[in-house]
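Here is the structure we will look at, set down as structure tokens.
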Amino acid sequence: MYASVKHLLDKLGGPAESIEFTREDTRTAVAVLYYRVILVDGRIRAQELQHFRDLLARTLDVSEDELMHFEQEVLRIAQEDSSLFPLTSLIRRLPVSRRREILEDMKAISLSDQEFHEFEINMVARAAELLGLDGKGEEDSGKAS
């Protein structure tokens, strides 16, 4: 009995339930990509941040308790490296349908402040290319779907 209760408590609060803040973690890579959309035009707006946080909770299963810590880690990683390639190479392993959702989420973040800045347009286009969603990548070759 004690062992089963301990197992349940370990499962509920153990490290397996928390997010790994590594470059190999897909959720972190997606969140950093989302955050880059916010940063690219040089202005961080409340609407973009709110949309970002909503996406973290809804699509990446980031709990309210994890949100603040996760956001700090995402910001740290986003500021360390400006290249999209390491992020997109990890995300490109996901099914095409999930990559399309991520790209749509990036567009939604950029439009959440009622502006679609040139830098945001370029970033979304470059991400589409790196994710194989620009008509030249895996999407057309019939691989993952």
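Key figures
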read-out	value
Qualifying residue in region 14-36 (condition: modelled with pLDDT under 55, part of a helix (DSSP H, G or I) and more than 23 Å from Leu75 (Cα to Cα))	no
Tally, over region 91-116, of residues that are part of a loop (DSSP other than H, G, I, E, B), among the polar types (S, T, N, Q) and exposed (fewer than 15 other Cβ atoms within 10 Å of the Cβ)	1
Residue satisfying all of: in region 63-85; outside any helix (DSSP H, G or I) and over 14 Å from the mean Cα position of the chain (by Cα); nearest to Gly132 (Cα to Cα) among these	Ser83
Candidate set: region 40-57, residues that are free of Cβ contacts under 8 Å to residues at least 24 places away in the same chain and in a helix (DSSP H, G or I); chosen: the one farthest from Arg98 (Cα to Cα)	Ala46
Of all residues in region 90-116 being in contact (Cβ under 8 Å) with a residue 60 or more places away in the chain and polar (S, T, N, Q), the one that is farthest from Leu49 (Cα to Cα)	Gln114
Conditions (1) in a helix (DSSP H, G or I); (2) touching a residue at least 40 places away in the same chain (Cβ under 8 Å); (3) more than 16 Å from Ile38 (Cα to Cα); number of the one not met by Phe119	(3)
All positions within region 83-118 that are farther than 14 Å from Gln47 by Cβ and out of contact with any helix residue (DSSP H, G or I) (no Cβ under 9 Å at 6 or more places or on another chain)	Ser83, Pro95, Ser97, Glu104, Glu118
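Each row is one residue, and each column tells you yes or no for (1) over 23 Å from Glu24 (Cα atoms); (2) at pLDDT below 90.
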residue: Val74; (1), (2): no, yes
residue: Ile77; (1), (2): no, yes
residue: Ala108; (1), (2): yes, no
residue: Ala127; (1), (2): no, no
residue: Leu130; (1), (2): no, no
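The values are calculated or read from the model by the stated rules, or taken from the named source; none is laboratory data. Just so it is clear, the structure is predicted and the values come from calculations on it, not from any experiment. Cβ atoms come from the backbone with ideal geometry, glycine included; neighbour counts cover every protein chain shown.
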